[in-house]
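One structure below.
No value in this document is a laboratory result; all are computed from the given coordinates. In this text the structure is predicted, and so the values were computed from the model without any measurement. Cβ sites come from the backbone with ideal geometry, for glycine too, and all protein chains shown count toward neighbours.
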Amino acid sequence: MPYTEDRSTWFEGQGLWQHVPESDWQDWTWQLKNRITSVAQLEQFMTLTPDEKAGCYFADKKLSLAITPYFFNLIDRNDPDCPLRKQVIPRSGETQLAAEEQLDSLGEDEHSPVPGLVHRYPDRVLFLVTDRCAAYCRYCTRSRLVSNAQDYNFHPEYEQALRYIEGHPEVRDVLLSGGDPLLLSDKKLEHLISRLRAIKHVEFIRIGSRIPVFLPQRITPELCEIFKKYGPVWMSIHVNHPKECTAELKAACERLSFAGVPLGNQSVLLKGVNDDADVMKALVHRLLRMRVRPYYLYQMDLITGGAHFKVDVRKGIEIIRALRGHTTGYAVPQYVIDAPGGGGKVPVNPDYVESITDDEVVFRNYEGQRFGYPLKSTPVPDQTPAVVVATEKVQAERSAATGQP
């Protein structure tokens with residue numbers, strides 16, 4: 001059945017916590033202090049399936065359970081197949097391991113010259129600044145270290161990382177990630193960004209965050225002033241499903257945009273969440289309306305216990321094909337696989353090109369129609385070259401103006 005929605009409205013919560021004063025609800029620190037972190041708390045609001053309950057009891061050995069009241073309020077508590085529910089409430093599939101899965105599926109530790117810094121690409125580094133998030137996605141690439149449920153004992157060394165960046169002039173691009181950098185205090189975040197901005201060869205500062213989605217209250221005027229002061233600071237947010245697109249998220253994105261923060265979105269292709277062309281089209285359209293450019297659609301990384309989320313790559317290609325030409329190009333993300341073991345991001349596209357020869361490129365468009373683009377120029381015989389005609393015209397005009405041949 002095709003996915004449909006009322007495009008004239010933004011998604012709203014289910015009506016929980018109405019007794020909480022608005023001043024508390026809008027306070028991001030209140031949201032963090034009142035996160036749902038246990039089976040007992042979940043069962044105050046909903047009936048867990050046996051599959052979910054089994055997953056929750058295993059969470060403290062893999063990746064902690066934590067959901068902000070704001071995001072939990074968006075979950076359909078009567079539907080086990082709710083796409084938001086699947087993303088944050090553990091399931092027993094997390095206990096099932098596959099041979100191809102790895103704790104460090106992207107080989108980040110192998111490319112880490114100092115604690116908390118990953119230098120895989122020539123001109124850019126990944127700066128992991130915390131192991132905490134506002135809520136924990138059950139498909140998290142860094143589940144080995146995020147929340148420390150697996151005793152990874154991650155301790156970022158800010159000064160070591162900053163000195164490494166200072167000492168490597170080839171590094172022009174720094175991505176702050178974690179965990180979620182926006183959980184740091186304003187003071188600590190400003191310290192890091194100001195230090196990076198002071199390094200002359202650092203041209204590009206980025207932040208990867210799901211805080212606007214899980215905790216839009218964190219996007220305060222004070223935080224936006226920091227971004228405005230040290231900008232441009234680019235940000236990639238992480239929205240997977242259109243039902244995450246609320247008025248609160250839209251307002252948070254607008255505050256960031258008005259502070260000069262260019263916004264992109266990174267989605268992960270997840271089974272039963274967004275592995276559907278209609279769902280993805282609805283998502284990318286809402287993103288553009290929130291001033292967010294769809295950037296990446298990730299094939300899920302080979303994390304341990306993630307097989308129940310895994311989608312066939314051919315499905316991902318089919319989704320991109322259903323977007324290309326059927327909506328604006330701004331709305332079409334780049335579908336990528338982050339190569340296992342640390343090979344970096346590799347684009348995976350529909351195959352539009354049929355052949356390339358010395359003479360032409362033959363391809364099909366989004367409708368399947370066949371076209372050719374010539375690679376060689378073939379002069380038309382017995383035709384005066386255009387440059388000669390143009391030159392003669394200029395000379396004639398000059399003669400008429402000066403009265404000289």
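Relative to a virtual label point 7 Å from the Cα of Lys200 in the Cα→beta-carbon direction, which members of segment 166-187 show backbone nitrogen distances below 18 Å? Inside the label zone: 166-173. Residue exposure proxy: Ser377, Ser257, Ser105, ordered by other Cβ atoms within 10 angstrom of their Cβ from fewest to most, comes out as Ser377, Ser257, Ser105. For Ala40 and Glu12, a Förster radius of 25 Å and the Cβ-Cβ distance give a FRET efficiency of 0.40, rounded to the nearest 0.05. Put simply, the amide H of Arg293, placed in the peptide plane, has neighbours under 5 Å in Leu263, Gly264, Asn265, leaving out anything fewer than 5 places away on its chain. Which percent, nearest 5, of DSSP beta bridges in segment 109-349 are antiparallel? Here the share of antiparallel DSSP bridges comes out near 25 percent. Between Phe127, Phe258, Phe214, find the one with the highest GNM mean-square fluctuation for the chain; connect C-alpha pairs within less than 10 Å. Greatest mean-square fluctuation among the candidates belongs to Phe258.
Compared with the alpha-carbon gap, the fully stretched path from His19 to Asp358 is longer by 114.9 nm at 0.36 nm per residue. Counted over segment 286-391, the DSSP beta bridges are approximately 75% antiparallel. Based on the Cβ-Cβ distance from Ala99 to Val348, what FRET efficiency comes out when R0 is 25 Å, to the nearest 0.05? Calculated value: 0.65. The phi torsions of segment 6-22, fed into the Karplus equation with coefficients 6.51, -1.76 and 1.60 and a -60° offset, translate into couplings of 7, 6, 7, 10, 9, 5, 10, x, 8, x, 7, 6, 5, 7, 7, x, 4 Hz, rounded to whole numbers, with Gly and Pro shown as x. Within a straight-line Cα-Cα reach of under 17 Å, Lys271 can be paired with the following lysines, leaving aside sequence neighbours fewer than 8 residues apart in one chain: Lys86, Lys243, Lys281, Lys310, Lys315.
If you take every DSSP beta bridge fully contained in the chain, what fraction is antiparallel? Give it as a percent rounded to 5.
40 percent
Between segment 39-54 and segment 157-192, the C-alpha centres lie 38 angstrom from each other.
Report note on the peptides 179-192, 362-375: ranked by the mean count of other C-beta atoms within 10 Å, highest first, their order is 179-192, 362-375. Taking 7 Å steps out from each Cα toward its Cβ at Thr4 and Lys187 produces label points 5.5 nm apart. Ellipticity at 222 nm from helices only: DSSP H runs of n ≥ 4 in the chain, each -39500 (n - 2.57), divided by the residue count, give -9000 deg cm²/dmol.
Residues in segment 369-381 carry Karplus couplings, in order, of 6, 9, 9, x, 10, x, 9, 10, 8, 10, x, 7, x Hz; the curve used is 6.51 cos²θ - 1.76 cosθ + 1.60 with θ = phi - 60°, and Gly or Pro positions show x. In summary, the helical segments of the chain meeting the span-like criteria, namely a full DSSP H run, a Cα extent along the axis of 15 angstrom or more and a mean Kyte-Doolittle hydropathy of at least 0.5, are 313-323.
Distance from the Cα centroid of segment 237-308 to that of segment 78-117 is 18 Å (rounded to whole angstrom). The HN-Hα couplings worked out from phi for segment 31-45 by the Karplus form 6.51 cos²θ - 1.76 cosθ + 1.60 (θ = phi - 60°) are 4, 5, 5, 10, 5, 7, 10, 8, 4, 4, 5, 4, 6, 6, 10 Hz, whole numbers, x standing for Gly and Pro.
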